[in-house]
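Single-structure report; data block below.
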Amino acid sequence: MLKYLSVILLLPLFSMAQTPNWINKILSDNLIRLPVYSVDTISTHMLYLPMAFGQSNFLDTNGVSHLQNADILSVDLVFTDYPASNNLFALNAARFISLLQLIPFIHHQSFTQWRVIRQMDGKDANSAALLKHGFVIHYRNSVTLENRNKELIQIKQTVTSLTEIKKTNAIAKATASSEPITKKQKVRYWDEIYGSTSSPATPTFYINNRPLLQVADTPFIHLTEFDSSFSIPTNIAIQKRILTRRQVQQYQKTQQLYCLVGPPRKWEEDTPKRSNPSTNAIIALPDTGLLHSLKSLPCKNALVIADVTASMSLYTIQLLHWLQQMDSLHCISTFACFNDGNDIVTEKKVVGKTGGVYTAKYVNMAAAAGLMELAMQKGSGGDTPENVCEAIIKALEACNNCEEVFLIADNYAPVRDIVLVNQIKKPIQILVCGGQIGVHPDYVTIAATTGGSLYFPNLVVKDFSALKNGGVLKIRSLPYKLNQKGMAEVAPGNSPIN
């Protein structure tokens, strides 16, 4: 323990006067306490610049060159609560100075979010040394034609796969209802065969002679020519006992599941042949957070507004999965998407008149995907801020009788036209995409001002009364307050929480 303390004591002590004011302000106002810091690697590029415990020099600076022309979305200084009696201000100021020396332009972009993360699980020197120390930087590179085309291909592939699954299910249902079962047919629906795997006690389930390989709450895409996928109500899957105990707990709030089955069994053989799931060319969704949030929404005469700017394809694909499931309920009235200006240069983007908003009466998932593709071909957003309020206002003009309004929002993108928020006259249910700590203040402003809500994979925020009463509201570990203009902003880390 003494060697760790000596390292801290021997650090050069940067005084408040020696440290730039913007660094002092970040260290004073942006402190967040978490048990352990978890890195978001899903929705953006991430660069981790590690430092040793108690040190202010970098251990590895590989990858810094990628930041040269990138939009720097957030910078997190990560350290541990040891020694707990020390605020570690001098050490962290030295770390910021090292960052500034390494990346002189790191603070030039006004939309960059800064956080100081104090991990509380480092209770002693040994445990603290095992946790992350240094800077975690989330960034996005400039959009290229290659990247845009790649995202368009992903959308097309998803639509094709979902359409094929729908056709397969319809054919299977029609065949099952029209063809009588004869003695020659070996239809074994929900048949349990023991001893057909490596473990004699493990059952293999067969559905219409086909071995069940996998169960998930999202459709399987890009199957092999021998495999098939179909949907099944969750309660039926539980009744037939094809789910493990863990799966029952995992999917108990899900109304519909998807089954992956292998090729039909040849019953004349003694041992049933079963496809190996690991060899199937299945592309699983890398993230299903948005899909789970969407499933919790009350869908009735709804308007869906989707951000389709660059880097949102991961969430666009999840949205398509949900739209496919909603098609049979006929609960969506209008669909809209936006690209922040149809590729016009930033200098020509006028608040309220940026453009790039596309709306249409909702027909089905495939038609909505076509509108998305059109918007994506016309533009990719360009800079990081986006014309979110303009998109909401234009979409509401196309659907003024809609009862529910859902916004698929990029958590890392500031709202360029937040000054228009008071022109939005209906509650906006915002599904926040990306990030694990807090939410961009602009989306707090929209939800609080319109009487809407914020949806995260494991959290829904509907009550903003604390903000309206002049207090502070904590959302995913970050405190928020309203400023004099009525706009939400991150409150200083030492603000009392209501």
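Quick note: the coordinates plus some simple rules give every number you see, no bench work behind them. No experiment lies behind these values; they were computed from the predicted model shown. Glycine also receives a Cβ, built like all others from the backbone with ideal geometry; neighbour counts cover every protein chain displayed.
Summary of computed values
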item: Among 126-137, 436-447, the order from most to least packed when residues are scored by Cβ within 10 Å on average; result: 436-447, 126-137
item: Segment 2-140, relative contact order [Cα under 8 Å, separation at least 6], %; result: 41 percent
item: Coordinate range along principal axes, alpha carbons of segment 69-132, Å, largest first; result: 40, 19, 17
item: Cross-link reach list, aspartates and glutamates versus Lys474, counting only Cα pairs under 14 Å and skipping chain neighbours closer than eight places; result: Asp463, Glu489
item: Per-residue HN-Hα couplings for segment 66-79 [Karplus 6.51, -1.76, 1.60; θ = phi - 60°; Hz; x = Gly/Pro]; result: 5, 7, 3, 10, 9, 7, 8, 7, 8, 10, 10, 8, 10, 8
item: Per-peptide average of other Cβ atoms within 10 Å, ordering 306-318, 111-123 highest first; result: 306-318, 111-123
item: Area projected by the alpha carbon convex hull of segment 2-140, averaged over all directions, nm²; result: 8.1 nm²
item: Residue pairs, from the table Lys150/Lys462; Lys300/Lys394; Lys150/Lys300, whose Cα atoms sit over 30 Å apart; result: Lys150/Lys462; Lys150/Lys300
item: Calculated log₁₀ intensity ratio I(q)/I(0) where the Debye formula runs over C-alpha points of segment 297-362, q = 0.14, 0.15, 0.17, 0.18 Å⁻¹; result: -0.50, -0.56, -0.69, -0.75
item: Across Lys132/Lys156; Lys166/Lys353; Lys123/Lys253; Lys132/Lys426; Lys348/Lys468; Lys349/Lys426, pairs whose alpha-carbon gap is larger than 32 Å; result: Lys132/Lys156; Lys166/Lys353; Lys123/Lys253; Lys132/Lys426; Lys348/Lys468
item: Using θ = phi - 60° and Karplus 6.51 cos²θ - 1.76 cosθ + 1.60, couplings along segment 136-141 (whole Hz; Gly, Pro as x); result: 10, 10, 9, 8, 9, 7
item: DSSP bridge pairs, segment 289-490: antiparallel proportion in percent, nearest 5; result: 40 percent
item: For segment 25-36, Karplus couplings with θ = phi - 60° (6.51, -1.76, 1.60), whole Hz, Gly/Pro x; result: 5, 4, 5, 7, 9, 10, 6, 10, 9, 10, x, 9
